[in-house]
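Undergrad: Structure below; questions to follow.
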Amino acid sequence: MYQVLLACTIEYNARLLSALSVWEEHSDFHIRQVVYDGNHALEYLRRESYDLVITELDIHGTDGLGLLRRIKQEGLGALVVLLSDTVEFEYVRESLMFGAFDYLKKMPDAQTMLSLLQRAKERLAEQNQQNART
């Protein structure tokens, strides 16, 4: 089972994402932790291993792009998906420059999330194969 850290601005958004019928047996992804602040997300990522981080761009504390940068700088290893109300080119461009796995308009529907989780699963399997060879 792949472990997910969900970082949302408000509890309602976390509940909406958690309620999608895409987790557990539907995808092999489990939301292990929900936080409402980018700084708390970093604390969890430094202590525990996560496969996927789904964060809102405008999260409190360290924002989504800052969180992405720190994850990459510190080699915390998780795939990062950014969620935003806006799809401004500069935000998308910057997220890609820092290695985001994807950038979605929030709140994604179940089909969009299932597609994303399938791609994430494939990427994680590739990474595991590469790590096993080295």
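Undergrad: Taking the solvent-accessible surface of protein heavy atoms with a 1.4 Å probe, what is the per residue accessible area of the chain in Å²? Spell out each step's value before the answer.
TA: Working: 7110 Å² over 134 residues.
Per residue, the chain has an accessible area of 53 Å².
Undergrad: Could I ask something else about it? Dipole size in debye (nearest 20) for the chain around its Cα centre, Lys and Arg Cβ +1, Asp and Glu Cβ -1?
TA: Roughly 360 debye, rounded to the nearest 20.
Undergrad: With all protein chains present, how much of the accessible area of the chain (probe radius 1.4 Å) comes from carbon and sulfur, to the nearest whole percent? Could you put the intermediate results ahead of the total?
TA: Numbers: 3370 of 7110 Å².
Exposed carbon and sulfur together represent 47 percent of the surface.
Undergrad: Taking the Cα atoms of the range 67-106 alone, what are Rg (to one decimal) and Dmax (as a whole number) in Å?
TA: Rg then Dmax for the range 67-106, in Å: 9.9, 28.
Undergrad: Along each of its three principal axes, how wide is the spread of alpha-carbon positions in the chain, in whole angstrom units, largest first?
TA: Computed over the Cα atoms, the extents are 39, 33, 29 Å.
Undergrad: Report the gain in length on full extension from residue 122 to residue 15: 0.36 nm times residue separation, minus Cα-Cα distance, nm rounded to one decimal.
TA: Values: separation 107, 0.36 × 107 = 38.52 nm, distance 2.61 nm.
Roughly 35.9 nm would be gained on extension.
Undergrad: Hey, another quick one. Below 8 Å between Cα atoms, with a sequence gap of 6+, how large is the relative contact order for the chain in percent? Mind showing how you got there, number by number?
TA: On the way: 206 pairs, mean separation 31.9, N = 134.
It comes to 24 percent, rounded to a whole number.
Undergrad: Relative contact order for the range 72-124 using alpha-carbon pairs under 8 Å, separation at least 6, rounded to a whole percent? Please report the intermediate quantities before stating the final value.
TA: On the way: 37 pairs, mean separation 20.2, N = 53.
After rounding, I find 38 percent.
Undergrad: Once the Cα atoms of the range 34-107 are picked out, what are the Rg and Dmax in Å?
TA: Answer for the range 34-107, Rg first and Dmax second: 11.1, 33 Å.
Undergrad: Could you pull out the GluC sites (Glu not before Pro) across the range 30-134 that fall in loop regions by DSSP (anything but H, G, I, E, B) with no more than 15 other Cβ atoms inside 10 Å? Don't skip to the answer; put the middle values down first.
TA: Details: sites: 43, 48, 56, 74, 88, 90, 94, 122, 126; in loops: 48, 74, 88.
Answer by residue number: 48, 74, 88.
The values are calculated or read from the model by the stated rules, or taken from the named source; none is laboratory data. Keep in mind it's a predicted model, so treat the numbers as computed, not measured. So basically every Cβ, Gly included, is an ideal-geometry build from the backbone, and we count neighbours across all protein chains shown. SASA here: full protein model, heavy atoms, side chains in, ligands and nucleic acids out. Shrake-Rupley method; radii C 1.70, N 1.55, O 1.52, S 1.80 Å.
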